[in-house]
Amino acid sequence: VPVVILIVGPATWVEKFPEARGTRQSPVDIVTSRASSGGSAPPLVWRYSVNHPRSVVNPGYCWRVDENGYDSELRGGPLGSDVYKLQQWHCHWGSVNGEGSEHTVDGRAFSGELHLVHWNTSKYNSFTEAAGQPDGLAVLGVLLMVGSKHDELDKVVRLLPYIQHKGDKVTFSEPLNPANLLPKRIAYWTYPGSLTTPPCTESVTWILFKEPVQVSAEQVRLNLCYYVNGKNV
Ligand SMILES: NS(=O)(=O)c1ccc2o/c(=N\O)[nH]c2c1
Ligand SMILES: [Zn+2]
């Protein structure tokens, strides 16, 4: 009987998404010995709106919080003179603890990775337009490791049981400051890269914070029981 092996995943993304064959594909392994020192880059500055309704959505491969167009700003650092706006933030988890981050640091993976996705409002008129441009997006990456409970993240994690299936969405208006999702020390690595999932467009300036943020084992478990490495269980 002929064995048909269906390969679904990064190796086949190239067929449908030609960008995936590009020269600035993410995620990458950060080889810390090869990272150059920041030189004289201006400080990275952000401001987020706190009191507005947000929705948590299950897009089928993680959970995503939509900012619903409310105002915010990210500027400075490697972003030149452009101002970026937070569109959404989402989380990548592994199927087992200790693996699950998309970026690795000196070959080490973390238990998860938070992405805050911003688009360039100085140059483009919409997220969709910006997502197709080399300087269109800026994503803040936060590495997650098991430790103490993360209270701000818990405002989302506690809603996961209500979005168990792809397409589910729940809206909440509890005040939440995305700045509280970032580590205390804001040292970061930055490189020109791409979306890490299809369409893998090479439009992302990656800004990955060096300091991991702690989440509790229970918060990791809650994420794992609903999203196992790219598919819902
Ligand atoms: N994981 S990631 O690179 O931050 C990212 C951000 C926004 C995205 O939109 C996508 N499809 O519409 N994929 C995607 C990945
Ligand atoms: Zn992501």
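The values are calculated or read from the model by the stated rules, or taken from the named source; none is laboratory data. The shown structure was predicted, so the numbers you read here are calculated from the model rather than taken from an experiment. Backbone-built Cβ (ideal geometry, glycine too); neighbour counts: all protein chains shown. The protein model used for the area step is the full one, side chains on, heavy atoms only, and it has no ligands, DNA or RNA in it. Shrake-Rupley method; radii C 1.70, N 1.55, O 1.52, S 1.80 Å.
Computed over neighbours whose Cβ is under 11 Å from that of Pro175, the net charge equals 0, Lys and Arg +1, Asp and Glu -1. Note on segment 27-85: along the principal axes its Cα atoms extend 40, 28, 16 Å, ordered by decreasing extent.
Label separation (Arg24 vs Ser40): 2.4 nm, computed from points 7 Å beyond Cα along the C-beta direction. Specify whether the C-alpha gyration tensor of segment 118-193 places it in the rounded, prolate or oblate class, a ≥ b ≥ c being the square roots of the eigenvalues: rounded for a/c under 1.5, otherwise prolate if a/b is larger than b/c and oblate if not. Cα axes put segment 118-193 in the oblate bin. What segment 121-208 shows is 45 Å² of accessible area per residue, with the surface traced by a 1.4 Å probe over protein heavy atoms. In segment 40-110, the portion of solvent-accessible area held by carbon and sulfur atoms comes to 49 percent [1.4 Å probe, whole percent, DNA, RNA and ligands not counted].
What shape does the chain have by the C-alpha gyration tensor, where a ≥ b ≥ c are the square roots of the eigenvalues, rounded means a/c under 1.5, and otherwise prolate means a/b greater than b/c and oblate the rest? It is rounded, given that a/c, with a ≥ b ≥ c, falls under 1.5. Using only side-chain charges placed at the Cβ, +1 for Lys and Arg and -1 for Asp and Glu, the dipole size of the chain relative to its Cα centre rounds to 140 debye.
Of all aspartates and glutamates in the structure, those lying under 17 Å Cα to Cα from Lys123, and not within fewer than 8 positions of it along the same chain, are Asp71, Glu73, Asp82, Asp135, Glu202.
When nucleic acids and ligands are ignored and a 1.4 Å probe is applied, Ile30 ends up with an accessible area of around 10 Å². To the nearest µm²/s, what D does Stokes-Einstein give for segment 107-147 at 10 °C and 1.306 mPa s, using the Kirkwood radius over alpha carbon pairs as Rh? The diffusion coefficient I find is 135 µm²/s. Per-residue ellipticity at 222 nm, computed for the chain from helices alone with -39500 (n - 2.57) per DSSP H run of at least four residues, works out to -3000 deg cm²/dmol. Which of rounded, prolate, oblate describes segment 1-104, given a ≥ b ≥ c as roots of the alpha-carbon gyration tensor eigenvalues and a/c under 1.5 marking rounded, otherwise prolate only if a/b is larger than b/c? Taking the square roots of the gyration eigenvalues as a ≥ b ≥ c, segment 1-104 is oblate.
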